[in-house]
Amino acid sequence: MSAFQIVFLLIALLTLFSALMVVFARKTIHSAFWLILALFGVAATFATLAASFFVVIQVAVYIGAIAILIIFTVMLTRRSMEESGDQLLPGWGWAALVVLIVFGGLVFMLLQWQGIFQPPQVLTAGGENLENLGMALVMPDRYVIPFEVASVLLVAAMIGAIYVAGDHKKRS
Amino acid sequence: MLTAWLYVGIFLVVAVLLPAVAIALAGILAPKKSNPIKTSVYECGIEVVGPARVQIKAQYYIYAMVFLVFDVEMVLLFPWAVAFKQLPLFAVFEGILFLLILLGGLFYAWRKGALEWF
Amino acid sequence: MTNWLEDPIRWIAEWLYSVLVGWGILPSVADVILMITGAAILSTLALLWVLFLIWFERKLIGRIQDRFGPNRVGPWGIFQSVADMIKIFTKEYITPQGADKVLYNLAPVLAVASVLLIWAVLPFTRSIMGVNLNVGVVYIVAVGGGGVLAILMAGYASNNKYAFLGASRAVAQLISYEVPMVISLLVPVLLAGSMGLNDIVQAQSVPYLVMAPVAALVFFITSMAETGRAPFDLVEAESELVAGYNTEYSGLKFGMFFVGEFLHSFTAALLFAVLFLGGWRGPFVDQVPLLGLVYLFIKTMVIYFLIILVRASVPRFRIDQMMDLNWKVLTPLSILSFLVTAVIAKVLEGQFLFQVLGLLAGNVILLVLFMEWGERRNKRNRRPMVSQPRPLATPASDETSMAQS
């Protein structure tokens, strides 16, 4: 096993473990912090693939923004800081069975795909990729409509948040 | 690119270890004389009332949401900025339109008083 | 083999590499060893540099306030921070009751690490730098998220109301100011056509301060707010929140937050020098690359001096003023400056001189118009006075004087 594989395994284990802890943590806020570690693990996985842009985006958007949003939301809810006791539901065995079946199905599906046996292709010099991505976003024959729609979607999200969290009494 | 990220990974480990080791070292040097009064929560000398982790205002949520929106916008605009020199003029205006829509959203939030700290 | 006079650090690295390989170590392992040494040396130097920064700032602020500043330990008190460091090492850690132990101890480490990580991508000279990541600028934004998390952790884990409120305020401030900062960062990226910091420096035949002064101004203000320095130090407003998120920290754990803050403001100055002042660029830098280090240092110190000057001369904002400044001034201004820069840079593409002049003119016009608009808005929105001012001394009428006597 090469050093690279060991690093990958460590990152994968870290990600999986923290993802499990998100579910099992007894305090909601701990779940949020474990989630950050899981997201960081995903960023590290991107790093092993040399996908630079995805690494920084994963960290900046997910850890820097979404995780903060989640923590704020947890802080907003009442009694979120207290222990909520055992996280296992009575029927957890059945759920575990379903999870296993789905996972088995996923593994089976992936084994059908030829690409899984090929080593990942090394990306060419990163700058080129980013430029291509930037060009693709605004060229009319590529993704310009999704690009502009994304902006409208973001504004819609912002308006929705303001409507939900705004002070209704004050407005009327 | 992989070696670059290897370096960043190593730097991350070093950057975490350095302060951690310093804190641990100081922990060995420092005296350990703890008592309940000393470790009680500081509230300007008054007895602590209620839990410390109080509920925060909904205002914070709006700020986080607006920030998130602009953060995602950044994801889409940075590649556009990198490719700027190759872009024709109309493509530049598409990027500007993207930002103008967001600016409209910002003005909406402004008019609705969501950016007001009260 | 590079010439050692030209580039001593690269020369040492290559020499070390050859020695390691000579010992029979695998080249890949030797690479990793070199990286570890480089990272360790760079981060240790950065942390030790803070000792000087603390002294420098205290001395300067002392002078501005007509005091001596530290002047007892060593010449000009230069060893004052060394003495302070030795003292803080022997201070007891007091962990408050009900603290969340793991998060409580993790927070100061993360606060320093998130600042140190920025140093991994800074170009010190043409060749001396950690890595020239092709996404350097976003990397800086991403790493900054670590600092926000550290504050949240500290505030939550301390089990203290002041810490909790201070942390939520601090995070609201940091994430708000990140919006105009990111948009102002788009401008150098757009002009250089790359996100790598070294590429941005190399593209600056004219410093971007000239080509995009508004973006530079916004970046300067926001990076000051990001470091939580005065006038943006609401999170540690003593009169309201004791010390904010680090109220319950003692000993070196507090020291780490302190170090992180100082290093962060120096790093902000470094980033400003790299992004807007041309980093290591200067005369004769092609012949002697090491001169770049000197140029970068001078530029950084000028900016750092400015940051301290602002700190010493501007009073602290109120929180609603600070949020207003961010959302109603800096964010629209940064978006507009970005739009103006994009249009002018594209229209005048090809003629470099006209491009530079056009950008400068466009930015100046934008700034003037924006300030004019702000002035009008202020006049319109000026708060009505609560009550009419009364004359200070009115001649007492006979009745009241009778009643009083």
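The values are calculated or read from the model by the stated rules, or taken from the named source; none is laboratory data. Keep in mind that this is a model prediction, so the values were computed, not measured. Don't worry about glycine lacking a Cβ; one is built from the backbone with ideal geometry, like all the others, and counts go over all protein chains shown. Each accessible area value is taken on the protein alone, full model and side chains, heavy atoms only, with ligands, DNA and RNA left out. Shrake-Rupley method; radii C 1.70, N 1.55, O 1.52, S 1.80 Å.
When you check C:Ala237 against the structure, is it modelled with pLDDT of 85 or more and assigned by TED's automatic domain parsing to the domain that holds C:Ile308, yes or no?
no
Let's see how each residue does on (1) more than 22 Å from C:Gly144 (Cβ to Cβ); (2) at pLDDT 90 or above; (3) assigned by TED's automatic domain parsing to the domain that holds A:Leu133; (4) open to solvent by 40 Å² or more (accessible area, probe 1.4 Å):
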| residue | (1), (2), (3), (4) |
| --- | --- |
| A:Met1 | yes, no, no, yes |
| A:Phe4 | yes, no, no, yes |
| A:Phe24 | yes, no, no, yes |
| A:Thr28 | yes, no, no, yes |
| A:Ala32 | no, no, no, no |
| A:Leu35 | no, yes, no, yes |
| A:Val42 | no, yes, no, yes |
| A:Val56 | no, no, no, no |
| A:Ala65 | no, no, no, no |
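Among the residues of the range B:64-81, are any touching a residue at least 40 places away in the same chain (Cβ under 8 Å) and either in a loop (DSSP other than H, G, I, E, B) or within 14 Å of chain A (Cβ to nearest Cβ) (or both)?
Looking only at the range B:64-81, we keep the residues that are touching a residue at least 40 places away in the same chain (Cβ under 8 Å), and these are B:66.
Pick out the ones that are also either in a loop (DSSP other than H, G, I, E, B) or within 14 Å of chain A (Cβ to nearest Cβ) (or both) and you get B:66.
Within the range B:64-81 (the criterion being touching a residue at least 40 places away in the same chain (Cβ under 8 Å) and either in a loop (DSSP other than H, G, I, E, B) or within 14 Å of chain A (Cβ to nearest Cβ) (or both)), the answer is yes, since at least one residue qualifies.
State yes or no: is B:Pro19 farther than 23 Å from C:Ala46 by Cβ and out of contact with any Lys or Arg (no Cβ under 6 Å at 6 or more places or on another chain)?
Details: farther than 23 Å from C:Ala46 by Cβ: no; out of contact with any Lys or Arg (no Cβ under 6 Å at 6 or more places or on another chain): yes.
Judged against the criteria, B:Pro19 is not a match.
Would you pick out the residues in the range C:147-168 that are without any contact (Cβ under 8 Å) to a residue 60 or more places away in the chain and more than 30 Å from B:Ile46 (Cβ to Cβ)?
Residues satisfying the conditions are C:Val148, C:Leu149.
Would you please list the contacts, defined by Cβ atoms under 7 Å and residues six or more apart or on different chains, that run from a residue in the range B:33-48 that is closer than 18 Å to C:Lys91 by Cα and at pLDDT below 75 to a residue that is outside any loop (DSSP other than H, G, I, E, B) and open to solvent by 70 Å² or more (accessible area, probe 1.4 Å)?
Short answer, once both residue conditions are applied: none.
Based on what the data block shows, is C:Ser114 part of a helix (DSSP H, G or I), of a type in the set (S, T, N, Q) and more than 30 Å from C:Gly193 (Cα to Cα)?
No, not satisfied.
Being away from chain A (no Cβ under 14 Å) and either open to solvent by 80 Å² or more (accessible area, probe 1.4 Å) or at pLDDT 80 or above (or both) narrows it down to one of B:Ile101, B:Ile96, B:Ile28, so name that one.
It is B:Ile28.
Among C:Val138, C:Val171, which is in contact with a helix residue (DSSP H, G or I) (Cβ under 6 Å, 6 or more places away or on another chain) and either open to solvent by 10 Å² or more (accessible area, probe 1.4 Å) or touching a residue at least 24 places away in the same chain (Cβ under 8 Å) (or both)?
C:Val138
If you go through the range C:326-352 one residue at a time, how many are touching a residue at least 24 places away in the same chain (Cβ under 8 Å) and either among the aliphatic types (A, V, I, L, M) or not in a helix (DSSP H, G or I) (or both)?
Summing the residues that are touching a residue at least 24 places away in the same chain (Cβ under 8 Å) and either among the aliphatic types (A, V, I, L, M) or not in a helix (DSSP H, G or I) (or both) in the range C:326-352 gives 8.
Suppose we filter C:Val201, C:Val210 for residues that are in contact with a strand residue (DSSP E or B) (Cβ under 8 Å, 6 or more places away or on another chain) and assigned to a helix (DSSP H, G or I); which single one remains?
That would be C:Val201, the only listed residue that is in contact with a strand residue (DSSP E or B) (Cβ under 8 Å, 6 or more places away or on another chain) and assigned to a helix (DSSP H, G or I).
Mind telling me which of the residues B:Ala114, B:Ala15, B:Ala91 ends up being more than 9 Å from chain A (Cβ to nearest Cβ) and either open to solvent by less than 40 Å² (accessible area, probe 1.4 Å) or not in a helix (DSSP H, G or I) (or both)?
None of the others qualify; the one that does is B:Ala15.
Restricting to the range C:174-192, give me the number of residues that are more than 20 Å from C:Trp327 (Cα to Cα) and either hydroxyl-bearing (Ser, Thr, Tyr) or in contact (Cβ under 8 Å) with a residue 24 or more places away in the chain (or both). Let's see the steps before the verdict.
Residues of the range C:174-192 more than 20 Å from C:Trp327 (Cα to Cα): C:188-192.
From what's left, either hydroxyl-bearing (Ser, Thr, Tyr) or in contact (Cβ under 8 Å) with a residue 24 or more places away in the chain (or both): C:188-191.
Counting residues in the range C:174-192 that are more than 20 Å from C:Trp327 (Cα to Cα) and either hydroxyl-bearing (Ser, Thr, Tyr) or in contact (Cβ under 8 Å) with a residue 24 or more places away in the chain (or both) gives 4.
Just one of C:Leu47, C:Leu53, C:Leu42, C:Leu34 is open to solvent by less than 30 Å² (accessible area, probe 1.4 Å), in contact (Cβ under 8 Å) with a residue 12 or more places away in the chain and part of a helix (DSSP H, G or I); which is it?
On the way: C:Leu47 fails: open to solvent by less than 30 Å² (accessible area, probe 1.4 Å); C:Leu42 fails: open to solvent by less than 30 Å² (accessible area, probe 1.4 Å); C:Leu34 fails: open to solvent by less than 30 Å² (accessible area, probe 1.4 Å).
Every option except C:Leu53 fails the conditions.
Select from the range C:305-339 the residues that are open to solvent by 10 Å² or more (accessible area, probe 1.4 Å) and aromatic (Phe, Trp, Tyr) and write down the one among them that is modelled with the lowest pLDDT.
C:Phe317
Looking only at the range C:141-158, which residues are among the hydroxyl-bearing types (Ser, Thr, Tyr) and either part of a helix (DSSP H, G or I) or touching a Cys at 6+ places or on another chain (Cβ under 9 Å) (or both)?
Across the range C:141-158, the qualifying residue is only C:Tyr156.
Given the conditions (1) free of Cβ contacts under 8 Å to residues at least 40 places away in the same chain; (2) under 30 Å from C:Ile335 (Cβ atoms); (3) among the small types (Gly, Ala, Ser), which single one is not true for B:Ala15?
B:Ala15 satisfies all of (1) free of Cβ contacts under 8 Å to residues at least 40 places away in the same chain; (2) under 30 Å from C:Ile335 (Cβ atoms); (3) among the small types (Gly, Ala, Ser) except (2).
Every residue, every condition in (1) in contact with a His (Cβ under 9 Å, 6 or more places away or on another chain); (2) at negative phi; (3) crowded, with 24+ Cβ neighbours inside 10 Å, yes or no:
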position: C:Ala192; (1), (2), (3): no, yes, no
position: C:Leu197; (1), (2), (3): no, yes, yes
position: C:Leu209; (1), (2), (3): no, yes, no
position: C:Phe219; (1), (2), (3): no, yes, yes
position: C:Arg229; (1), (2), (3): yes, yes, no
position: C:Glu261; (1), (2), (3): no, yes, no
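Scan the range A:41-65 for residues that are touching a residue at least 24 places away in the same chain (Cβ under 8 Å) and not polar (S, T, N, Q) and jot them down.
Of all residues in the range A:41-65, those touching a residue at least 24 places away in the same chain (Cβ under 8 Å) come to A:41-42, A:44-45, A:48-53, A:63.
Correct list: A:Gly41, A:Val42, A:Ala44, A:Leu49, A:Ala50, A:Ala51, A:Phe53, A:Ile63.
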